[in-house]
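Contents: one structure, followed by commentary.
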Amino acid sequence: MDARESLRRYLEQRRELGESELVLDTLSVEDALKLLGAANVLPREEAPVSTDWRAALRAAGGVPEARPSMPSMPAVRDVPAVVAAGPADAPRVPLGDIPAGIAMGRSNRAPGDQFIYELATLEDIAAVVAKCTRCDLYRTALNPVPGTGNPNADFMVVGEAPGADEDQQGVPFIGKAGQLLTKILAAINLSRDDVFIANVLKHRPPGNRNPLPDEVTVCSPYLVRQIELVKPKVILALGTFAAQTLLETKITIGKLRGQVHRYHGVPLIVTYHPAALLRNPAWKRPTWEDVQLADRILRQ
Ligand code: URA
């Protein structure tokens, strides 16, 4: 493939992922050379694809050995717990060397959403989602995808919206991206049964189009209530859409990651969506760092 074509595809991929600026900090030298059409660089497509998450990370330059220490980051137990669980107006106090990010959480709840905030269990939420007509997505979706996992999980994963596989089976993250997510979790010794996994949207947008603002507005209270009931110690937000939606910002994922945000009082770490990792292995290393950060918070 010629250099221009490679570069065009790369830029399209970034745009697809919601990136409006080009940050090359996670691009490896090999990738950059490849994009420029340099000789003697094995095109990634021809490289053997490892199905082992740790091996793939290693190949991408990460160090996914068992719980490696990261000297560049302080142990979270050394970090003062200064941003108390609380609403959006929680102060932005730095967490040691890890920058504190955005604190998000509405203190004013729309009266029309009140019935959702009164749902007592995750099963109740799932039952209401199954009959939800608050937006039009239920018309085209095959199944509701409310969320799955441990109702008392300390670790919660939030994605964007169900894709085709999830729509078929009513379970989040079971397609290719989901299988990679399972491996990522395993790398920090978490099984899917240890965590709770949900999406911002509970029904699939047709053709996997981006969620519309109105859909997010009416669907988000389900997620907020799920978080209130699960009470996780940490949330991992996957991908640009989940991160920007939860944090109500247009800041790019490259800038949102590496900070400890707060969502309704819960520490929230942003990382790349596994679907993006499948297309851009250069993001595996920063993802590994993000996942480790989430793991540190979990274990503090
Ligand atoms: N992508 C998501 O964001 N969520 C899913 O459940 C599947 C793919």
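Within segment 124-136, is even one residue near the ligand (Cβ under 9 Å from one of its atoms), crowded, with 17+ Cβ neighbours inside 10 Å and closer than 26 Å to VAL234 by Cβ? No, every residue in segment 124-136 fails to be near the ligand (Cβ under 9 Å from one of its atoms), crowded, with 17+ Cβ neighbours inside 10 Å and closer than 26 Å to VAL234 by Cβ. If you go through segment 212-231 and keep only what is surrounded by 20 or more Cβ atoms within 10 Å (Cβ to Cβ), of a type outside the set (Val, Ile, Thr) and more than 15 Å from the chain's Cα centre (by Cα), you end up with GLU215, CYS219, PRO221, TYR222, ARG225, GLN226.
Going by the conditions given, is ASN143 closer than 23 Å to ILE227 by Cβ, in contact with a Pro (Cβ under 9 Å, 6 or more places away or on another chain), modelled with pLDDT of 50 or more and surrounded by fewer than 18 Cβ atoms within 10 Å (Cβ to Cβ)? Break it down stepwise before answering.
Numbers: closer than 23 Å to ILE227 by Cβ: yes; in contact with a Pro (Cβ under 9 Å, 6 or more places away or on another chain): yes; modelled with pLDDT of 50 or more: yes; surrounded by fewer than 18 Cβ atoms within 10 Å (Cβ to Cβ): yes.
For ASN143, the condition - closer than 23 Å to ILE227 by Cβ, in contact with a Pro (Cβ under 9 Å, 6 or more places away or on another chain), modelled with pLDDT of 50 or more and surrounded by fewer than 18 Cβ atoms within 10 Å (Cβ to Cβ) - is met.
Only residues that are assigned to a helix (DSSP H, G or I) and within 14 Å of the ligand (Cβ to nearest atom) were counted in segment 227-239, giving 1. Restricting attention to segment 199-213, does a residue exist that is closer than 18 Å to GLY112 by Cβ, outside any loop (DSSP other than H, G, I, E, B) and either more than 14 Å from the ligand (Cβ to nearest atom) or in contact (Cβ under 8 Å) with a residue 12 or more places away in the chain (or both)? Yes, segment 199-213 has at least one match.
Residue selection: ALA110 satisfies the criterion of being surrounded by fewer than 21 Cβ atoms within 10 Å (Cβ to Cβ), assigned by TED's automatic domain parsing to the domain that holds VAL230 and either farther than 19 Å from GLY239 by Cβ or out of contact with any Leu (no Cβ under 8 Å at 6 or more places or on another chain) (or both). If you go through segment 88-128 and keep only what is hydroxyl-bearing (Ser, Thr, Tyr) and at pLDDT 95 or above, you end up with TYR117, THR121. The single condition from (1) within 11 Å of the ligand (Cβ to nearest atom); (2) in a loop (DSSP other than H, G, I, E, B); (3) over 15 Å from the mean Cα position of the chain (by Cα) that ALA161 fails is (3). Consider segment 164-179 and keep the residues that are assigned to a helix (DSSP H, G or I) and free of Cβ contacts under 8 Å to residues at least 60 places away in the same chain. The one that is nearest to the ligand (Cβ to nearest atom) is GLU166.
Selection within segment 248-284: residues that are assigned to a loop (DSSP other than H, G, I, E, B) and within 16 Å of the ligand (Cβ to nearest atom). The member of this set that is farthest from GLU228 (Cα to Cα) is ASN280.
The values are calculated or read from the model by the stated rules, or taken from the named source; none is laboratory data. These figures come from a predicted structure and were not determined experimentally. Methodologically, a virtual Cβ is constructed for each residue, glycine included, from the backbone with ideal geometry; neighbour enumeration extends over all protein chains shown.
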